[in-house]
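> This is the structure, below, for whatever I ask next.
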Amino acid sequence: MLGHVSFGVGDLARAKTFYDAIMGALGYACVYADDRFVGYGMPGSSDDKLLLRAVSEARAPGDGFHLCFDASDEAAVDRFHAAGMAAGGADNGAPGLRPRYGPDYYAAFLIDPDGHHLEAKVAVRG
């Protein structure tokens with residue numbers, strides 16, 4: 001349904017470090033970068049699905065908004081969370097099952113350095 005999502009970030013270099021880590025953990029890559037924008041998508045593609053834009057007064061959306069990334073398996077969710085924490089993110093929910101969302105819903109939650117709420121999730125394979 002969505003073509004891409006764009007976020008404003010206050011410090012593009014800091015954001016690139018963070019998103020390189022979490023996107024790499026999920027199997028995505030930086031597919032575009034210049035002094036104002038960084039884009040992420042499938043490795044080898046030029047089609048960005050997540051675009052970060054340098055904005056002097058960037059603000060994350062308010063409560064109720066978060067962006068969820070699909071992960072290939074539970075290990076990718078775990079890597080996403082660990083990589084994000086190591087790259088300056090804040091914990092907003094450690095990796096694990098979320099039975100209130102469904103019996104096979106495995107996810108982790110982070111807040112990026114600009115305050116954007118992020119999730120990685122996968123359906124646990126039984």
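> Counting only residues that are more than 12 Å from the chain's Cα centre (by Cα) and part of a helix (DSSP H, G or I), which one in segment 1-16 is nearest to ALA108 (Cα to Cα)?
The qualifying residue nearest to ALA108 (Cα to Cα) is ARG14.
> Okay, next question. If you check LYS49 against the conditions, is it over 12 Å from GLY84 (Cα atoms) and of a type in the set (Lys, Arg)?
So LYS49 fits the description; yes.
> Could you look through segment 110-121, keep only residues that are in contact with a helix residue (DSSP H, G or I) (Cβ under 6 Å, 6 or more places away or on another chain) and part of a strand (DSSP E or B), and pick out the one that is surrounded by the most Cβ atoms within 10 Å (Cβ to Cβ)?
ALA120
> Does segment 50-73 contain at least one residue that is more than 14 Å from GLY8 (Cα to Cα), surrounded by 14 or more Cβ atoms within 10 Å (Cβ to Cβ) and more than 13 Å from the chain's Cα centre (by Cα)?
no
> A follow-up question, please. Considering only residues that are loosely packed, with under 13 Cβ neighbours inside 10 Å and within 14 Å of ALA54 (Cα to Cα), look in segment 1-31 and name the one that is modelled with the lowest pLDDT.
Going through the qualifying residues, I end up with SER6.
> Quick test for you: out of ASP112, ASP34, ASP91, ASP47, pick the one residue that is modelled with pLDDT under 95, under 24 Å from VAL9 (Cα atoms) and among the acidic types (Asp, Glu). Don't jump to the end; show me each part of the working.
Numbers: ASP112 fails: modelled with pLDDT under 95; ASP34 fails: modelled with pLDDT under 95; ASP91 fails: modelled with pLDDT under 95.
Every option except ASP47 fails the conditions.
> Here is a check on your reading of the model: is LEU52 touching a His at 6+ places or on another chain (Cβ under 8 Å) and under 18 Å from ASP20 (Cβ atoms)? Steps first, please.
On the way: touching a His at 6+ places or on another chain (Cβ under 8 Å): no; under 18 Å from ASP20 (Cβ atoms): yes.
The answer is no for LEU52.
> Select from segment 94-109 the residues that are among the small types (Gly, Ala, Ser) and modelled with pLDDT of 95 or more and write down the one among them that is surrounded by the fewest Cβ atoms within 10 Å (Cβ to Cβ).
ALA94
The values are calculated or read from the model by the stated rules, or taken from the named source; none is laboratory data. All figures in this text were calculated on a predicted structure; none of them were measured in a lab. Quick reminder, even Gly has a Cβ in these numbers, built from the backbone with ideal geometry, and neighbours come from all protein chains shown.
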